[in-house]
1. For region 1-118, give me every one of the helices (runs of 4 or more DSSP H) that falls completely inside it and has 3 or more residues that are closer than 30 Å to ASN154 by Cα.
2. Take the residues of region 216-234 that are polar (S, T, N, Q) and not in a loop (DSSP other than H, G, I, E, B): which is surrounded by the most Cβ atoms within 10 Å (Cβ to Cβ)?
3. What tally of residues in region 110-152 results from selecting those that are hydrophobic (A, V, I, L, M, F, W, C) and touching a strand residue (DSSP E or B) at 6+ places or on another chain (Cβ under 8 Å)?
4. Surrounded by 14 or more Cβ atoms within 10 Å (Cβ to Cβ), within 30 Å of LYS183 (Cα to Cα) and aliphatic (A, V, I, L, M): is that true of ALA284 in this structure?
5. Let me spell it out: the conditions are (1) touching a Leu at 6+ places or on another chain (Cβ under 9 Å); (2) assigned to a strand (DSSP E or B); (3) more than 13 Å from MET94 (Cα to Cα), and GLN210 meets all of them except one. Which number is the exception?
6. Out of all the residues in region 181-203, is one or more free of Cβ contacts under 8 Å to residues at least 12 places away in the same chain, assigned by TED's automatic domain parsing to the domain that holds ALA163 and among the polar types (S, T, N, Q)?
Amino acid sequence: MPVRAPDASNLMKIYRSFDFGGLAALHMLDTRVIGRDKQIEFSELLKPATAASSQATLASPTRSIMGSTQLQWLQGQLAASKATWQVLGQQVLMARMEFPVSILTLLNPDNTSPSALAAGQKAITDYLTAKATAAQAPAMLTDAQKALLDPKLNPKLGYNLDAWDGYPVEREVLLSTAAQLGKKLVVLAGDTHNAWCSRLTLLNGTVVGQEFGTSSVSSPGFEEYLAAFPPAQTKQIFEDVVNDLRFADTSRRGFLLMRFTPTEAKGTYHFVSTVKSRTYTVDASISLSYTG
């Protein structure tokens, strides 16, 4: 999209900040081009020949989605700003969208045969049953269920390593910076064509902010990529499996309207019934708030 370049001598540089009085500071980032290391393919983490090197790359402390120059600039902006809300406008999901490997290896959108779908559904059911048993009656857990919940035996990985899940160390650095500075953090994201709202947490579970991810205006989402699953089921799978996820809509197109006050950041999702007709209805009944 066209933007006013902050540096006429370097048109590749698009990261910049805007202040809205003392209410909000909007920091627009570049997580796609200027400083990012190449994304890791999920298949590389599963192949025995590439698993070790890919895992080492994923966990590297120098791995970056923004580049060191932009990260240092952002840390400086956060430290200097006196605004109530620090808002990051950027391209990809920052929240942890992690699934256990037992599910990821079987839930393959490229293979929608009845047997593959059945195997994927069983993996989901087995994991969620183990998770519910651990919460309600841990003494009843079987050895197989304990293995499913053991992060060493069944580690969690982001389903999309082309987002911040593929750059976990830098995400921890950025979120730790906001936490240490005592900032009220809101992150805005797109790119997935689906709508999300998630807690932003450190590795130790501390909540440091909230992310609002908007649906696409017209491009299809999971209702096409995972067409074998009913949209309501896809939504339920994500909301049940992903710990930090508060809300998902995996089938409707629309936009997100944010409203900031001194005490609240509120996102209202506007969904249209169809993008293939001039006749449509609008559903703006879903709003989620964050108070910091």
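The values are calculated or read from the model by the stated rules, or taken from the named source; none is laboratory data. Since this is a predicted model, take the numbers as computed values, not measurements. Note: ideal-geometry Cβ built from the backbone for every residue, glycine included; neighbour counts use all protein chains shown.
1. 42-46, 51-58, 101-104
2. THR234
3. 1
4. The answer is no for ALA284.
5. (3)
6. no
So that you can scan it fast, the table gives a plain yes or no per residue for (1) of a type in the set (Asp, Glu); (2) surrounded by 13 or more Cβ atoms within 10 Å (Cβ to Cβ); (3) not assigned by TED's automatic domain parsing to the domain that holds GLN91:
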position	(1), (2), (3)
ASP37	yes, yes, no
LYS47	no, no, no
THR50	no, yes, no
LEU58	no, yes, no
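Each row is one residue, and each column tells you yes or no for (1) outside any loop (DSSP other than H, G, I, E, B); (2) touching a helix residue (DSSP H, G or I) at 6+ places or on another chain (Cβ under 7 Å).
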site: ALA147; (1), (2): yes, no
site: PRO151; (1), (2): no, no
site: LEU161; (1), (2): no, yes
site: LEU185; (1), (2): yes, yes
site: LEU188; (1), (2): yes, no
site: THR192; (1), (2): no, no
site: ARG199; (1), (2): yes, no
site: ASN204; (1), (2): no, no
